[in-house]
Amino acid sequence: MITLDHVTRRYQGFSALEDVTLTVADGEILVLIGASGSGKSTLLQLINRLQDPSSGTVRVDGEDIAGIAPEQLRRRMGYVIQGGGLFPHWTVARNIATVPRLLGWDRARIDARVTELLDLLRLDATRLRNAYPHMLSGGQQQRVGVARALAAGPSILLMDEPFGALDPVTRAELQAEIRRIHTETGCTIVFVTHDMDEALGLATRIAVIDRGRLVQLGTPLELLTRPATDQVAHFIGTTDRGLKLLAVQRVGDRVRPGETTPGEPVSAEISLSSALSAMVTRSQDRLPVSDPAGAPLGTIHLADLLGP
Amino acid sequence: MRRVQIPLLAVAAAALGLLPFLRHARNRLLSGQPIDSYVSFGLASPLWTVGFALGLGLLVLPLFRPGALTRWTSLLGAGIALAAAAAIGANAAAHLAAAGSPAARTSLGSGAWLFAATLLLLASDTARRLRFGLAGLVPVFAPLALLLALGTLAPLSLLREYAVQHDAFRAAFGQHVALVLGALGPALLIGVPLGVAAQRWAALRRVAFPVLNLIQTIPSIALFGLLIGPLAWLGTMIPGVSGIGTVPAILALVLYSLLPIVRNTVEGLDGVPRGVRTAARAMGMSPAQTFLQVDATLALPVLLSGLRVTAVQAVGLAAVSALIGAGGLGAIIFQGLFANALDLVILGALPVIALAVAADLVFRLLTAWSRAALGGAV
Amino acid sequence: MAFLTRRTVLGAATAAALAPRADAAAPVKVGSKLDTEAALLGTIVLQVLKAGGIPTESRLRLGPTKILRAAILSGDVDLYPEYTGNGAFFFNQESNPVWKNVTQGYDLVRRLDADANRLAWLPPAPANNTWGIAVNGDAATREKLSSMEDFARWAKAGGAKLVASAEFVESPAALPAFQAAYGFKLAADQLVILAGGDTAATERAAAEGISGVNAAMAYGTDGAIAALDLRLMDDIKHAQMVYEPSPVVRQAALDANPSIPGLLAPAFAALDGATLRTLNGRIAVDGQDVAAVASAWLKEKGLLK
């Protein structure tokens, strides 16, 4: 658990963060979103002491991090930046091994972990292990960056606009990877972005930061249905709001149980917008729904998409 | 390849045909009578003429049958032609000496030097097209080295000067190398930290570079002169420090070496991507670990490249320091200038050139190796 | 006994080892300028002193006059051969006519340097290495030239063409002094001016007739004169300052090694103009090794075993 308590960060007369209080629950994905220069990256960097607050306290698992040596703190957390920030003069394996080496793991354990992570990030271990970063594509470099952050098995993962420099297809792939890794490892993720769609797709909760202040903290659904200020509403975007609403809700929440319909079933886990897309594709106004295991659950109607 | 080789061969032929191959003088001071190649070849043993022809043949073979093997033999051919030409000169010199007085001197003429220079250019061009071209130094210079060792070239004026100056030459060579190394050490110890600091603090960078640039523009002799006074005064308090000799020479060399070292340190560190530094700190590397494992390692090739410039510059400047009593090969050059014995000047200048080329090669190799060790990332 | 603890014994031994030993003299640092004659004289000094049992350190060919003067004043060098006439420049007395007199000039510089700098000028060699004019041998024979008076006559007749350094032509003590004393003036087309003061170059030019020159700036003891078949014009009216080579020693080094004057005197006394020219010639023209020439001559004179 990460707690920021009335945290302010000022330098050279400029106020980057002003009286921010928020808590990141264990195992959730908290997305910090805001315009450029809003202070979201600064907030992230307060967590691993790349910056220190001018006033206020930051606590990790109850402990005031001001009392922990920065290097010790950072080796317990993963950090991913845009482009990966890979060390260009080290191989992929050596890059990933950075924190384990700092922690003094033995060779065998490091080698095994590198293989494990390359597999986790769906990278061809045999081919890429001894490659240098400049030989990899942007997407591959970012995957290695994530692998490197996860190397020592941290419970907290900090990500600073990691997918900003990638093309949309790769970005979508990597977002899916993060969701999968989050599910598999259960780590707490604090994710900074300026892309609302990315935020809506990934977040358990979203914190909207504007000019150094926390404007709203809530689930994607809350932000979409009850934006706290005009800025937030503007940030969410006025067009396609309906589609965004559909995107953050699951078929499983609206299914009519027991009802059967012919045709190939869709999973209860998919979003309402995917269901809408399927209906349009099949030219049907209802779809059969099954649970993740494949057992039939019920049906969803087009009208169900319009709200409870 | 033909574009370069043909004109160079033409120049070599012109050098042999039109310019004097040798000069023969009654004594060491006179400029002497020119002797053309035709006469020289005639005076020498036919064996060398055959060798010369063979060498030339191997040299031009790649023009007709290109390939790695003919290129290697071409290098060997250049070496043989060079050695044979020198031997012909020496042979002819021996004949002329037998006929004249003991003070008479025969030296290589402008034609011989130009011929040698074009041959070396041809060889370096060929070597560049080979994989381990650097090893080409061996076939090109080995035949000449062999003749030198055997004493075949002794009758030439240049070698006779060397015979007289033998010990002084050895001492001067050692002093020269000592001056260069003695300056590079302190220059690194001062320049690298200064560069690291200048890269970090813009205020220091703004002050340091103009000052260092100013120092570079001071002519070396003027700098030596400026240092005499303060150092002599310092010498009254600290034993071993004096206004003349090794101390001011090394001090001046260090000052001149600072600019390339500081500049390249800053450039190298500037070249480290910002995200990489942030990532290193975020991983939990201490400032020292970040600097050593990331910044310094990534900046190393650029620094080595700067050291190359520094070393070559120092070799040249060390020659001037003979004027303030620091010794080195410059002492031999100036002795030759004062005595108006040009072969003595050449005896001093050739090793300086060789040292400069060697320093350049060594650091090129080091830079390339360091780049490779970094996985080609820099 | 209490006071003979290990510490006191060790301390006393260390003090004894580190204390300067009055009986062991520091080596005498012998320097010289860059040119041939300077190196020859310096080598002669080194060999004579070494034979006399004095420890020496060679600093030959250190640099030009300015460097040597600074070195002996600061103690970097204990002894080097300097010319009596240069006293005029060290003490800013260029216009003093006393420098043209052999003995008076030497006495003056000896007194001045002893008083001001504690430097001792030992008795000089009877060889005048002053500026002179050397004429091409064929021209000299043809025009019957042997003295500066003859040269003046020839110059006024328009036959002479002199090659010299800028300093020689402009310095009041050099060519202007000759012209004033012998009543001639070289026209602009009778002069070829070189940038540096290299008499080897000027002498070679006069010998080979380069650019039509037939007379060269020369120094009195240059080795090339005879070898190049040049004739040095005799300065019968003593228009030039006298430059006799004399060993200049720091008084401190003399006090530590009082045998130095006795050792050097016979060697320097034997170095007259003709001898110096011959020896210089062997080095500069024949290219022999300085040390070999010096030791051969010293042995010939019985000053070296």
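The values are calculated or read from the model by the stated rules, or taken from the named source; none is laboratory data. Here the structure is a predicted model, which means the values were calculated and not measured. Ideal geometry is used to build each Cβ from the backbone, glycine not excepted, and the neighbour counts take in all protein chains shown.
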Inset, instruction - Please enumerate the residues belonging to region A:35-63 that are within 11 Å of another protein chain (Cβ to nearest Cβ) and basic (Lys, Arg). - result: A:Arg49
Inset, instruction - Restricting attention to helices (runs of 4 or more DSSP H) lying wholly within region C:189-294, give those where 1 or more residues are out of contact with any helix residue (DSSP H, G or I) (no Cβ under 7 Å at 6 or more places or on another chain). - result: C:199-208, C:251-256, C:260-269, C:273-284
Inset, instruction - Counting only residues that are away from chain B (no Cβ under 11 Å) and closer than 21 Å to C:Gly273 by Cα, give me the helices (runs of 4 or more DSSP H) lying completely in region C:20-102 with at least 2 of them. - result: C:36-51
Legend entry - Single residue of B:Ala279, B:Ala299 found to be in contact with a strand residue (DSSP E or B) (Cβ under 8 Å, 6 or more places away or on another chain), surrounded by 23 or more Cβ atoms within 10 Å (Cβ to Cβ) and within 14 Å of chain A (Cβ to nearest Cβ): B:Ala279
Legend entry - Filtered residues of region B:325-334 (kept if buried (at least 24 other Cβ atoms within 10 Å of the Cβ), in a helix (DSSP H, G or I) and within 11 Å of chain C (Cβ to nearest Cβ)): B:Gly330, B:Ala331, B:Ile332
Legend entry - Residue in region B:293-312 that is touching a Lys or Arg at 6+ places or on another chain (Cβ under 8 Å), aliphatic (A, V, I, L, M) and modelled with pLDDT of 90 or more present: yes
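Condition check ((1) in contact with a strand residue (DSSP E or B) (Cβ under 6 Å, 6 or more places away or on another chain); (2) surrounded by fewer than 23 Cβ atoms within 10 Å (Cβ to Cβ); (3) at positive phi) across all residues:
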{"position": "C:Asp229", "(1), (2), (3)": "no, yes, yes"}
{"position": "C:His238", "(1), (2), (3)": "no, yes, yes"}
{"position": "C:Val249", "(1), (2), (3)": "yes, no, no"}
{"position": "C:Ala252", "(1), (2), (3)": "no, yes, no"}
{"position": "C:Pro258", "(1), (2), (3)": "no, yes, no"}
{"position": "C:Lys301", "(1), (2), (3)": "no, yes, no"}
{"position": "C:Leu304", "(1), (2), (3)": "no, yes, no"}
Inset, instruction - Looking at (1) modelled with pLDDT of 90 or more; (2) within 23 Å of A:Gly34 (Cβ to Cβ), find the lone condition where A:Met196 falls short. - result: (1)
Legend entry - Yes/no for B:Ala356 being surrounded by fewer than 20 Cβ atoms within 10 Å (Cβ to Cβ), among the small types (Gly, Ala, Ser), more than 14 Å from chain C (Cβ to nearest Cβ) and out of contact with any Pro (no Cβ under 7 Å at 6 or more places or on another chain): yes
Inset, instruction - Examine region A:34-51 for a residue that is in a strand (DSSP E or B), surrounded by fewer than 21 Cβ atoms within 10 Å (Cβ to Cβ) and modelled with pLDDT of 90 or more, and state whether such a residue exists. - result: no
Inset, instruction - Using the structure shown, decide if B:Pro287 is surrounded by 21 or more Cβ atoms within 10 Å (Cβ to Cβ) and either without any contact (Cβ under 8 Å) to a residue 24 or more places away in the chain or within 14 Å of chain A (Cβ to nearest Cβ) (or both). - result: no
Legend entry - Residues (part of a loop (DSSP other than H, G, I, E, B), facing another protein chain (nearest Cβ under 7 Å) and charged (D, E, K, R)) located in region A:65-93: A:Arg75
Inset, instruction - Spot the failing condition for A:Ala108; the list is (1) part of a loop (DSSP other than H, G, I, E, B); (2) more than 13 Å from chain B (Cβ to nearest Cβ), and only one is missed. - result: (1)
Inset, instruction - Please state which of the following conditions C:Asp272 fails to meet, knowing it meets all the rest: (1) over 14 Å from the mean Cα position of the chain (by Cα); (2) surrounded by fewer than 23 Cβ atoms within 10 Å (Cβ to Cβ). - result: (1)
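Looking for something touching a residue at least 60 places away in the same chain (Cβ under 8 Å), out of contact with any strand residue (DSSP E or B) (no Cβ under 7 Å at 6 or more places or on another chain) and not aromatic (Phe, Trp, Tyr) - is there at least one such residue anywhere in region B:38-54?
Taking every residue of region B:38-54 in turn, none turns out to be touching a residue at least 60 places away in the same chain (Cβ under 8 Å), out of contact with any strand residue (DSSP E or B) (no Cβ under 7 Å at 6 or more places or on another chain) and not aromatic (Phe, Trp, Tyr).
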Inset, instruction - Among the residues of region C:185-224, write down those that are more than 10 Å from chain B (Cβ to nearest Cβ) and among the β-branched types (Val, Ile, Thr). - result: C:Val192, C:Ile193, C:Val213, C:Thr221
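Take the conditions modelled with pLDDT of 90 or more and out of contact with any helix residue (DSSP H, G or I) (no Cβ under 6 Å at 6 or more places or on another chain) and apply them to C:Ala181. Does it pass? So that I can check it myself, show each step before the final result.
Numbers: modelled with pLDDT of 90 or more: yes; out of contact with any helix residue (DSSP H, G or I) (no Cβ under 6 Å at 6 or more places or on another chain): yes.
The answer is yes for C:Ala181.
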Legend entry - Qualifying position, being among the β-branched types (Val, Ile, Thr), away from chain C (no Cβ under 14 Å) and assigned to a helix (DSSP H, G or I), among B:Val312, B:Val345: B:Val312
Inset, instruction - Scan region C:116-133 for residues that are assigned to a loop (DSSP other than H, G, I, E, B) and surrounded by fewer than 15 Cβ atoms within 10 Å (Cβ to Cβ) and jot them down. - result: C:Arg118
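Within region B:223-236, does at least one residue satisfy the condition of being more than 14 Å from chain C (Cβ to nearest Cβ), outside any loop (DSSP other than H, G, I, E, B), on the phi < 0 side of the Ramachandran plot and among the aliphatic types (A, V, I, L, M)?
Scanning region B:223-236, I find at least one residue that is more than 14 Å from chain C (Cβ to nearest Cβ), outside any loop (DSSP other than H, G, I, E, B), on the phi < 0 side of the Ramachandran plot and among the aliphatic types (A, V, I, L, M), so the answer is yes.
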Inset, instruction - Name the single residue, out of those in region C:134-147 being buried (at least 23 other Cβ atoms within 10 Å of the Cβ) and of a type in the set (A, V, I, L, M, F, W, C), that is nearest to the chain's Cα centre (by Cα). - result: C:Ala134
Inset, instruction - Evaluate the following for B:Ala83: is it surrounded by fewer than 18 Cβ atoms within 10 Å (Cβ to Cβ) and either aliphatic (A, V, I, L, M) or in contact with a Lys or Arg (Cβ under 6 Å, 6 or more places away or on another chain) (or both)? - result: no
Inset, instruction - Only residues that are within 20 Å of B:Trp369 (Cβ to Cβ) and among the acidic types (Asp, Glu): list them for region B:267-320, please. - result: B:Glu267, B:Asp295
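Residue-by-condition table, conditions (1) within 14 Å of chain B (Cβ to nearest Cβ); (2) touching a residue at least 24 places away in the same chain (Cβ under 8 Å); (3) under 16 Å from the mean Cα position of the chain (by Cα); (4) part of a loop (DSSP other than H, G, I, E, B):
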| residue | (1), (2), (3), (4) |
| --- | --- |
| A:Arg113 | no, yes, no, no |
| A:Arg143 | no, yes, yes, no |
| A:Val146 | yes, yes, yes, no |
| A:Leu157 | yes, yes, yes, no |
| A:Glu173 | no, yes, yes, no |
